[in-house]
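Okay, so here's the structure we're looking at.
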Amino acid sequence: MFIKAYTATIYGIDAMTVTVEANVSPGLGMYLVGLPDGAVKESQDRIRSAFANCNLRMPGKRLVVNLAPADMRKEGAAFDLPIAIAILGATEQIKPDNLGSYMITGELSLDGEIKPVKGVLPMAIDARKAGFRGMIVPIENIPEAAVVADLEVIGVENLRQAADFLDGKLDIAPAPHSIDGQNAYDSSQSSDNPNNSNIQNLYTEDFSDVRGQTHVKRALEIAAAGGHNVIMIGAPGSGKTMLARRMPGIMPPMTLGEALETTKVHSVAGKLGSQKGLLTQRPFRAPHHLTSQVALIGGGSNPQPGEVSLAHNGILFLDELPEFGRSVLEVLRQPMEEKGITISRARYSVEYPANFTLVASMNPCPCGYYNHPTKECVCGGGVVFRYLNRVSGPLMDRIDLHIEVTPVPLAEISSEAPAESSTDIRARVIAARRIQQQRFAECAGVHTNAMMNSKMLRTFCPLSREASAMLETAMERLSLSARAYDRIIKVARTIADLAAASTETPTEASEITTAHIAEAINYRSLDRESWGR
């Protein structure tokens, strides 16, 4: 007998429907075809053991299972349950009536228990798009699949339970659709509309804990408001890491579209952990400086998202930047510009999003005390320059804000005066982002000032004659590149937006003044030829 069941396979951060075809005919043996990898081939032994422990019968005939489309490689143990269900249908142990209504996924243990799998959220989205009535998933994956509205999510604990449900012998109520207790995802909503999400981010680390460093907080506020990359350079103990780890608290809340896309990346990578439903906080990834190129950028024999994709719509924090391998840092240049990464193989290529804000920190020299107000640098001549040169010019050119972090005086550290909280800073950032959303409403794929191209700069960032003259003078004196020219204007645009956001009637029509340009130029300190020499 011939029967069909349905599942899905992950391709990048999306899913593609796979038809599981099972056919029983005279003969002996089980044959699994359709480009299965090692984990899929091993499903035969898991299924046999699960059948025996659940009092189900494997056919004593020739059994052929095909995973279509046959020209796409199938990977992982998530095919165990759909293959087992297809076999039960082909051997007439369950009725085939419901097999076409549900997408099925799950890994089988030897006793028939069903284990959680990766990538359930993109599978659920694909199931809804393909018109399935519902989806059968492991119990642990219910919150992930229940994000998708208008799709029955059936959680099962073991193979016997799944078989009885499809056979009509067991009634399992669909899981309620929710996003952490809020409305379920509806693809008819615009993914770019911030009004689609009222998810609030809560962080325990607050800028009110940081004494002094007002100029650094200001720069991080600008970075958060415009999506700009930032690097902090200063002596050990000056607060660089402490400041960086508090930056997520001033980032604006994710829109529903951002939350969906971010959750899909983490679902595919198997990084959701105990998170229920959508990721509600912007990611903050801080890989160690011994991280490899593949771990940072993504890839491997079975391509997986790297740190740059796991930081999508959030922050990638690289502490002690010069300690990373130079070849590792150089692979950042393309995703910083393109906001995505393409991993190519001989037979296929996959794309992962990588729209992250880079926050980096570094010491000014090997001993850490170059330019320190009280301690003397012991590094020899040219050592400081060679140390800074571990970070290439092209990479540094792609970082919008360069901030010198100086040690906080003891009087400020011991001061009882209250510092500005992350909540207050975040309110200004959100107001500035709202201005940008209005500005780029007609620009597909552009949401922040940092994402503008050269054509948009001419449209949205006109400079007065005085501001243009000031920028030209800075270009000549600091020997800045054309990329730095564009980035200074983008930062100045964000500074102007923050100024407009602080007024009673925020508007996107705020002009870029010489004061805005001057502040933006001031954040290019590492471009100065005299620095570190």
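Give the residue that is farthest from the chain's Cα centre (by Cα), with candidates limited to residues of the stretch 343-373 that are in a loop (DSSP other than H, G, I, E, B) and among the small types (Gly, Ala, Ser). Going through the qualifying residues, I end up with Gly368. Going by the conditions given, is Gly76 within 30 Å of His266 (Cβ to Cβ), modelled with pLDDT under 95 and in contact with a Leu (Cβ under 6 Å, 6 or more places away or on another chain)? No: the conditions fail for Gly76. Restricting attention to the stretch 448-500, the residues that are within 17 Å of Arg524 (Cβ to Cβ), of a type in the set (Val, Ile, Thr) and either within 30 Å of the chain's Cα centre (by Cα) or surrounded by 13 or more Cβ atoms within 10 Å (Cβ to Cβ) (or both) add up to 5.
Has the stretch 278-299 got at least one residue that is surrounded by fewer than 24 Cβ atoms within 10 Å (Cβ to Cβ), touching a residue at least 40 places away in the same chain (Cβ under 8 Å) and farther than 30 Å from Gln437 by Cα? Yes, the conditions are met somewhere in the stretch 278-299.
In summary, helices (runs of 4 or more DSSP H) completely within the stretch 20-123 and bearing 3 or more residues that are in contact (Cβ under 8 Å) with a residue 60 or more places away in the chain occur at 43-53, 80-90. Once the stretch 421-470 is narrowed to residues that are in contact with a helix residue (DSSP H, G or I) (Cβ under 6 Å, 6 or more places away or on another chain) and small (Gly, Ala, Ser), the residue that is farthest from Ile489 (Cα to Cα) is Ser421. Of the candidates Leu410, Leu395, Leu401, the single residue that is without any contact (Cβ under 8 Å) to a residue 24 or more places away in the chain, closer than 30 Å to Phe207 by Cβ and not aromatic (Phe, Trp, Tyr) is Leu410.
Close contacts from the stretch 486-498, counting a first residue that is free of Cβ contacts under 8 Å to residues at least 24 places away in the same chain and a second that is assigned to a helix (DSSP H, G or I), with Cβ to Cβ under 6 Å and a gap of 6+ residues or different chains, come to Ala496/His516. Looking across the stretch 135-173 at every residue that is in contact (Cβ under 8 Å) with a residue 40 or more places away in the chain and of a type in the set (Gly, Ala, Ser), the one that is farthest from Gly112 (Cα to Cα) is identified as Ala146. Applying the criterion of being crowded, with 18+ Cβ neighbours inside 10 Å and modelled with pLDDT of 85 or more to the residues of the stretch 520-533, the residue that is nearest to Ser392 (Cα to Cα) is Arg524.
For first residues located in the stretch 316-336 and in the same structural domain as Thr291 (by TED's automatic domain parsing) and among the β-branched types (Val, Ile, Thr), partners that are in a helix (DSSP H, G or I) and surrounded by 21 or more Cβ atoms within 10 Å (Cβ to Cβ) and lie 6+ apart or on another chain with Cβ distances below 6 Å form the pairs Val328/Leu296; Val331/Ile297. Scanning the stretch 230-247 for any residue that is closer than 17 Å to Lys339 by Cα and modelled with pLDDT of 90 or more turns up at least one such residue.
When the residues of the stretch 414-447 are narrowed to those that are in a helix (DSSP H, G or I) and among the hydroxyl-bearing types (Ser, Thr, Tyr), which ends up surrounded by the fewest Cβ atoms within 10 Å (Cβ to Cβ)? Looking at residues that are in a helix (DSSP H, G or I) and among the hydroxyl-bearing types (Ser, Thr, Tyr), I get Thr423. Residues in the stretch 222-242 that are assigned to a helix (DSSP H, G or I) and surrounded by fewer than 24 Cβ atoms within 10 Å (Cβ to Cβ): Thr241, Met242.
Among the criteria (1) over 29 Å from the mean Cα position of the chain (by Cα); (2) of a type in the set (Asp, Glu); (3) outside any loop (DSSP other than H, G, I, E, B), the one Glu376 does not fulfil is (3).
The values are calculated or read from the model by the stated rules, or taken from the named source; none is laboratory data. These numbers were taken from a predicted model, which means no experiment stands behind them. Backbone-built Cβ (ideal geometry, glycine too); neighbour counts: all protein chains shown.
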